[in-house]
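Undergrad: Mind looking over this structure? Questions follow.
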């Protein structure tokens, strides 16, 4: 587990601000401390498990604090900062709201190069995914919806199995970064196959 | 438009789609993947007695740029020797297909696939050739 990002007291009211982007106590737009990550933007500790409802609530409170309507009388400088922080907030939400990008991001906080370093996938895995893709192609050509659904179900369970393992691994004290990167890279291949069962190539 | 005309042409009319026999000693097979888009690419070459690549096939599952890159790669390797084919660079593919920066990894994948196929071919024949010679010599 990674420690929480230490947020300095709010420059406006001196309270713990609850986010690196804006103080939830007094509404001051904050000039973000270098190194703050997406979790800190939501006032959360880095974790694979994020409560979606809680995230949404925090998102709404922060969007409100940063909204131009609430910054109408602020200086041009603060307005610009609020705009920049809004963009960061939206980016953070996109990443943290979905299990796969969240796990990838968390892995990146441990080691930013991990996914890139482990891009070369196991030949056996590639062979299997190629065969699975060929089955999808055949089933699509045959209009065989039943087979497509079976393959889709298979993909979903392979994705869930890997994401579960990544979640457990990332929560451990000494995660095996490279092994987790392989799991997450393989998940992306299964996601592509799953998309292919639903629609043609994008 | 995100894709160049050449990408669209290769995507809609891919050249050399298919498979060659993996167990054939004159066939080299390369299977590579790019997690960025979840692409998986198989590229195969068949080398003639004169050392020239006489046929090439590919199967690519992924985005249009990956399909176009591998389609182009099979066109380019045909008629080349193994050594000449090794000189094909992903940057050549990027240039020919006008790939945008976010799709450069597709061309890298195609170059990797060519290399993997050529290495597979060389591996098969480096092993097999000495054995044949050894088997023939006692009879001479």
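Undergrad: Within the stretch B:47-62, which residues are within 14 Å of chain A (Cβ to nearest Cβ) and surrounded by fewer than 24 Cβ atoms within 10 Å (Cβ to Cβ)? Walk me through it before giving the result.
TA: Step one: filter the stretch B:47-62 for residues within 14 Å of chain A (Cβ to nearest Cβ), giving B:57-62.
Answer for the stretch B:47-62, where residues must be within 14 Å of chain A (Cβ to nearest Cβ) and surrounded by fewer than 24 Cβ atoms within 10 Å (Cβ to Cβ): B:57, B:59.
Undergrad: In addition: Restricting to the stretch A:1-19, name every residue that is over 17 Å from residue A:94 (Cα atoms) and surrounded by 21 or more Cβ atoms within 10 Å (Cβ to Cβ).
TA: Listed by number, the list holds a single entry, A:17.
Undergrad: While we're on this one: Do you know which residues across the stretch A:100-124 are surrounded by fewer than 17 Cβ atoms within 10 Å (Cβ to Cβ), in contact with a helix residue (DSSP H, G or I) (Cβ under 7 Å, 6 or more places away or on another chain) and under 17 Å from residue A:159 (Cα atoms)?
TA: If the condition is that a residue be surrounded by fewer than 17 Cβ atoms within 10 Å (Cβ to Cβ), in contact with a helix residue (DSSP H, G or I) (Cβ under 7 Å, 6 or more places away or on another chain) and under 17 Å from residue A:159 (Cα atoms), then A:100, A:101 are the ones that fit.
Undergrad: State whether the residues of the stretch A:93-113 include one that is modelled with pLDDT under 95, out of contact with any strand residue (DSSP E or B) (no Cβ under 8 Å at 6 or more places or on another chain) and within 12 Å of chain B (Cβ to nearest Cβ).
TA: The answer is yes, given that some residue of the stretch A:93-113 is modelled with pLDDT under 95, out of contact with any strand residue (DSSP E or B) (no Cβ under 8 Å at 6 or more places or on another chain) and within 12 Å of chain B (Cβ to nearest Cβ).
Undergrad: Follow-up. Confirm whether residue A:185 is more than 17 Å from residue A:98 (Cβ to Cβ) and either touching a helix residue (DSSP H, G or I) at 6+ places or on another chain (Cβ under 8 Å) or within 14 Å of chain B (Cβ to nearest Cβ) (or both).
TA: no
The values are calculated or read from the model by the stated rules, or taken from the named source; none is laboratory data. Being a predicted model, the structure only gives us computed values, none of them experimental. Neighbour counts run over all protein chains shown; Cβ positions are idealised from the backbone, glycine included.
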